[in-house]
Amino acid sequence: MHYFQEFTSFYAAHNLHLSYFEFLTIFSFWLFKEIDVNYIIIEVGIGGRLDTTNVIFRSPTVRVITDIGLDHTELLGNTLTEIAQEKAVIIHQSDSVVMNRQTTEIETVIRQRTESQHSQFSIASPIIDDFLKMLPDFQQRNWTLAYRAVEKRLALDKKPPLPKEALEKSVYITIPGRLEKRNVNGVNIIFDVAHNPQKIRALIDSLRKLYPDKKPIFVVAFGQNKHSSLAESLAIIDNLAQLAYATTFSANYGKNHRNIPPETIRHVMKSAGEVEYNTDKALAKAIKKARQLDTYVVVAGSFYLVSEFAAS
């Protein structure tokens, strides 16, 4: 806490004017310097070219390109090529770039940027090991990419690879809002922040494997910035959902983060049976219905929606 107080005093004394994300990013960099960390992992906010985090030029930095989909199109472009071009600009001179196999158009953009910056490029080779089988497919893919990035960093620093014991323990790390499982009075609930067609498709594929004989009850809400992909996202959910409750999330996130009216979701979604503005009531109704039908509940569509239940 004293670090934060010290930084805010510095901030106030210099009469700085920063956005929330700019403040958080600069504070993080300052804090990492103060506590003298060995490594930092910086997640880019949106895109890359103009992102606040894109100020690291230390060579060689390991740059990780995660799976690229049609998201934030209002800011990044309407095609995978345009979005990849925005994201590729996090790659700087003499970096080391690692990514999973993606579409040809995406890989072409990343390779071209890598070559122009005289950086090294590699595709994360798959890892086949029994301890990974407990993870859903998309988490296996994410885990492999993370491991290859760490492997690259350690090799660059001439340090030994991670021991097998550490790798096996890592699969038990749980991430809130990422296929997060809870049980309420005997009913299983999955909380997942999937909010675009790419992520929702990965969620649905994982749910089919986890519960192959069940069709769940969904509680869904989407932000206004997902309006262009709403119909596709809901169609994917419709392929699995037995019933859905269209709801909202808190309006306290500002005008740029309001939810799509739940009536719109009910109109578009075949399985949406009811509008319930109160998120707690929507979840309670879904749990009751799931118990009656001997199935489970899925809460998805927005970080903001899932965060409503984070402390529940």
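What the table shows:
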read-out: Those residues of the stretch 32-50 which are outside any loop (DSSP other than H, G, I, E, B) and surrounded by 10 or more Cβ atoms within 10 Å (Cβ to Cβ), in sequence order; value: Phe32, Lys33, Glu34
read-out: Matching residues, the stretch 231-252, being in contact with a strand residue (DSSP E or B) (Cβ under 7 Å, 6 or more places away or on another chain) and among the polar types (S, T, N, Q); value: Gln242, Thr247, Thr248
read-out: Among (1) of a type in the set (D, E, K, R); (2) part of a helix (DSSP H, G or I); (3) farther than 23 Å from Pro197 by Cβ, the one test that Glu107 misses; value: (3)
read-out: Qualifying residue in the stretch 144-151 (condition: of a type outside the set (Lys, Arg), modelled with pLDDT of 95 or more, more than 21 Å from the chain's Cα centre (by Cα) and within 21 Å of Val55 (Cα to Cα)); value: no
read-out: Enumerated helices (runs of 4 or more DSSP H) restricted to the stretch 195-312, each holding at least 2 residues that are of a type in the set (Lys, Arg) and modelled with pLDDT of 95 or more; value: 279-293
read-out: Yes/no for Asp192 being of a type in the set (D, E, K, R) and either touching a Lys or Arg at 6+ places or on another chain (Cβ under 6 Å) or buried (at least 17 other Cβ atoms within 10 Å of the Cβ) (or both); value: yes
read-out: Answer from Leu154, Leu203, Leu207 - the residue that is farther than 24 Å from Val98 by Cβ, among the hydrophobic types (A, V, I, L, M, F, W, C) and out of contact with any helix residue (DSSP H, G or I) (no Cβ under 9 Å at 6 or more places or on another chain); value: Leu207
read-out: Filtered residues of the stretch 109-128 (kept if surrounded by fewer than 19 Cβ atoms within 10 Å (Cβ to Cβ), closer than 23 Å to Val171 by Cα and either free of Cβ contacts under 8 Å to residues at least 12 places away in the same chain or in contact with a strand residue (DSSP E or B) (Cβ under 7 Å, 6 or more places away or on another chain) (or both)); value: Ile123, Ile128
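The values are calculated or read from the model by the stated rules, or taken from the named source; none is laboratory data. Note that the structure is predicted; figures quoted are calculated from it, not measured. Here the Cβ is made from the backbone with ideal geometry for all residues, glycine too, and neighbour counts use every protein chain on show.
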